[in-house]
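The values are calculated or read from the model by the stated rules, or taken from the named source; none is laboratory data. What you see is a predicted model; the values in this text were computed from it and never measured. No Cβ is skipped: glycine too gets one built from the backbone with ideal geometry, and neighbour counts run over all protein chains shown.
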Amino acid sequence: MNRRLAYLSLGSNVGDRAAHLRAGVEIVAGADAYRTSKVYESEPVGGVTQDDFWNMVLELDTTATPHELLERVRVAEDARGRTREVRWGPRTLDVDVLLVGDETSSDPEVLVPHPRMYERAFVLIPLAELAPALVDLRLLDALTQRVVVLDTLESLR
């Protein structure tokens, strides 16, 4: 299988957010080469009252398929104690597969490209940091969600 770039969004708003994100990057990246965006703080989406999220985007140079990446995502979320009690509720670690090269997937388990990525500032801003050609600046200008850059993952504790 050919190598290509894949992009995943990681977020956390419960417990040690930096530790959850670090572990998520390590587990999801596995042996693949990767880059990470800076970490951004954003308000929660979906109407559930909860703490702000720390979000970032992970870029992988990989041969993994969307389904293989989804398996890594599930391992990472389970390892960090992710529970799914409330839709769009608080999460120790939430990882979404955004893009996998030019592949598409219409499987409801892993829709690629991610169907809501273009509506979410907390996804588009860090994605634009890593891959500016993938994000239309007009989309960024139209978004109204609060997203504030914090720093690099390595610097956050």
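Is it the case that some residue within region 27-47 is aliphatic (A, V, I, L, M), under 16 Å from the mean Cα position of the chain (by Cα) and modelled with pLDDT under 95?
Taking region 27-47 first, the residues aliphatic (A, V, I, L, M) are 27-29, 31, 33, 39, 45.
Next, only the ones that are under 16 Å from the mean Cα position of the chain (by Cα) stay: 27-29, 39, 45.
Pick out the ones that are also modelled with pLDDT under 95 and you get 45.
Yes: one or more hits.
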Inset, instruction - Confirm whether ASP61 is surrounded by fewer than 20 Cβ atoms within 10 Å (Cβ to Cβ) and closer than 30 Å to ASP102 by Cβ. - result: yes
Legend entry - Among residues of region 44-74, those that are out of contact with any Ser or Thr (no Cβ under 8 Å at 6 or more places or on another chain) and touching a residue at least 40 places away in the same chain (Cβ under 8 Å), counted: 15
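When you scan region 28-39, how many residues do you find that are in contact with an Asp or Glu (Cβ under 9 Å, 6 or more places away or on another chain) and either buried (at least 17 other Cβ atoms within 10 Å of the Cβ) or in a helix (DSSP H, G or I) (or both)? Before the answer, list the steps.
Looking only at region 28-39, we keep the residues that are in contact with an Asp or Glu (Cβ under 9 Å, 6 or more places away or on another chain), and these are 32-39.
Next cut, either buried (at least 17 other Cβ atoms within 10 Å of the Cβ) or in a helix (DSSP H, G or I) (or both) only: 32, 34, 36-39.
So the count comes out to 6.
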Inset, instruction - State whether the residues of region 110-125 include one that is under 15 Å from TYR7 (Cβ atoms), surrounded by 12 or more Cβ atoms within 10 Å (Cβ to Cβ) and touching a Lys or Arg at 6+ places or on another chain (Cβ under 7 Å). - result: no
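Scan region 15-32 residue by residue and report those that are among the charged types (D, E, K, R) and touching a Phe, Trp or Tyr at 6+ places or on another chain (Cβ under 8 Å).
From region 15-32, those among the charged types (D, E, K, R) are 16-17, 22, 26, 32; that's our starting set.
ARG17 - this is the single residue of region 15-32 that is among the charged types (D, E, K, R) and touching a Phe, Trp or Tyr at 6+ places or on another chain (Cβ under 8 Å).
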Inset, instruction - Kindly check whether there is at least one residue in region 3-19 that is small (Gly, Ala, Ser), buried (at least 17 other Cβ atoms within 10 Å of the Cβ), assigned to a helix (DSSP H, G or I) and in contact (Cβ under 8 Å) with a residue 12 or more places away in the chain. - result: yes
Inset, instruction - Tell me, yes or no, whether region 36-43 has at least one residue that is basic (Lys, Arg) and either without any contact (Cβ under 8 Å) to a residue 40 or more places away in the chain or closer than 15 Å to LEU8 by Cβ (or both). - result: no
Inset, instruction - Quickly run through region 75-108 and pick out the residues that are without any contact (Cβ under 8 Å) to a residue 40 or more places away in the chain, farther than 17 Å from VAL14 by Cα and surrounded by 15 or more Cβ atoms within 10 Å (Cβ to Cβ). - result: SER105
Inset, instruction - Please state which of the following conditions VAL135 fails to meet, knowing it meets all the rest: (1) of a type in the set (A, V, I, L, M, F, W, C); (2) free of Cβ contacts under 8 Å to residues at least 24 places away in the same chain; (3) surrounded by fewer than 18 Cβ atoms within 10 Å (Cβ to Cβ). - result: (3)
